[in-house]
Amino acid sequence: MNEAPRPPRPVGDPSPTAGDLVPRVARGDEEAFGALYDLLAPQVFGVVRRVLRNPSHAEEVSQEVFVEIWRTASRFDPSRGSVRTWAATLAHRRAVDRVRSEQASTDRERRAAAGDNSPSYDQVVEEVTASLEQEQVRRCLGSLTDLQRQAVTLAYYVGYNYREVAEHLGANLATVKTRMRDGLVRLRDCIGGVELGAPR
């Protein structure tokens with residue numbers, strides 16, 4: 001059973017819930033997104049890691065999940081479940097998509113080794129779509145400044161929070177927050193500008 005809707009908490013409240021934060025994220029509030037990330041990152045990575053055995057792949061997929069959360073927050077429907085359930089569903093779907101892509105690649109290699117070089121249409125579509133998505137994320141990361149890219153990478157690939165990113169980079173916390181938010185906006189705009197037709 002879903003909880004009754006709660007009134008939004010004041011912006012300065014030190015402990016907003018995920019449900020409080022998503023509407024702010026939908027309006028482009030990068031600070032709210034950072035707080036939402038801190039709340040959901042362990043769960044998202046945990047879900048992805050249970051599906052994917054490769055830690056680096058799990059980190060990549062977790063980053064993709066948070067980019068998707070940033071892009072689709074306005075479509076979140078609280079009547080269909082909690083924010084955590086929504087995030088876990090996105091994480092599981094992305095992880096399963098990666099497994100399918102890896103399996104298709106493995107099957108292709110086996111067929112090539114056996115002399116059969118004619119993959120099915122569905123397998124080709126899955127491989128191309130996954131490859132385009134990964135390449136797009138890499139390309140968009142490359143469009144960021146060094147500090148933005150380092151900050152976003154540490155947050156999403158390694159799982160650091162703002163303070164840990166600042167300590168790792170030896171940078172001012174406020175500067176890191178600003179650069180990371182700017183970087184997330186640029187990533188959203190870059191990735192959102194191309195329709196890949198992938199499952200959402």
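The values are calculated or read from the model by the stated rules, or taken from the named source; none is laboratory data. This one's a predicted model, so the numbers in the text were calculated from it and none came from an experiment. Note that each Cβ is placed from the backbone with ideal geometry, even for glycine, and that neighbours are counted across all protein chains shown. The accessibility values were calculated without ligands, DNA or RNA, using every heavy atom of the protein model including side chains. Shrake-Rupley method; radii C 1.70, N 1.55, O 1.52, S 1.80 Å.
Looking only at the range 173-184, decide whether some residue is among the aliphatic types (A, V, I, L, M), over 20 Å from Thr72 (Cβ atoms), open to solvent by 40 Å² or more (accessible area, probe 1.4 Å) and at pLDDT 80 or above.
Taking every residue of the range 173-184 in turn, at least one turns out to be among the aliphatic types (A, V, I, L, M), over 20 Å from Thr72 (Cβ atoms), open to solvent by 40 Å² or more (accessible area, probe 1.4 Å) and at pLDDT 80 or above.
Inside the range 17-42, can you point out the residues that are open to solvent by 40 Å² or more (accessible area, probe 1.4 Å) and either within 22 Å of Arg100 (Cα to Cα) or among the acidic types (Asp, Glu) (or both)?
Listed by number, the residues that qualify are Asp29, Glu30, Glu31, Asp38.
Determine whether Tyr162 is modelled with pLDDT of 60 or more, closer than 19 Å to His57 by Cβ and of a type in the set (Phe, Trp, Tyr).
For Tyr162, the condition - modelled with pLDDT of 60 or more, closer than 19 Å to His57 by Cβ and of a type in the set (Phe, Trp, Tyr) - is not met.
Conditions (1) out of contact with any Leu (no Cβ under 9 Å at 6 or more places or on another chain); (2) closer than 26 Å to Arg138 by Cβ; (3) at pLDDT 80 or above; (4) aliphatic (A, V, I, L, M), marked per residue:
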residue	(1), (2), (3), (4)
Asn54	yes, yes, yes, no
His57	yes, yes, yes, no
Val61	no, yes, yes, yes
Val67	no, yes, yes, yes
Ser82	yes, no, yes, no
Ala95	no, yes, yes, yes
Ala104	yes, yes, no, yes
Gly115	yes, no, no, no
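Okay, residues lined up against (1) open to solvent by less than 70 Å² (accessible area, probe 1.4 Å); (2) without any contact (Cβ under 8 Å) to a residue 12 or more places away in the chain; (3) more than 23 Å from Leu184 (Cα to Cα):
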position	(1), (2), (3)
Asn54	yes, yes, yes
Glu59	yes, no, no
Gln63	yes, no, no
Val67	yes, no, no
Gly81	yes, no, yes
Arg94	yes, no, no
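Of all residues in the range 69-79, which are crowded, with 19+ Cβ neighbours inside 10 Å and under 11 Å from the mean Cα position of the chain (by Cα)?
Matches in the range 69-79: Ile69, Trp70.
Within the range 123-133, does at least one residue satisfy the condition of being at pLDDT 60 or above and surrounded by 16 or more Cβ atoms within 10 Å (Cβ to Cβ)?
For the range 123-133, residues at pLDDT 60 or above and surrounded by 16 or more Cβ atoms within 10 Å (Cβ to Cβ): present.
Based on this model, can you work out whether Gly46 counts as surrounded by fewer than 19 Cβ atoms within 10 Å (Cβ to Cβ), more than 12 Å from the chain's Cα centre (by Cα) and in contact (Cβ under 8 Å) with a residue 24 or more places away in the chain?
no
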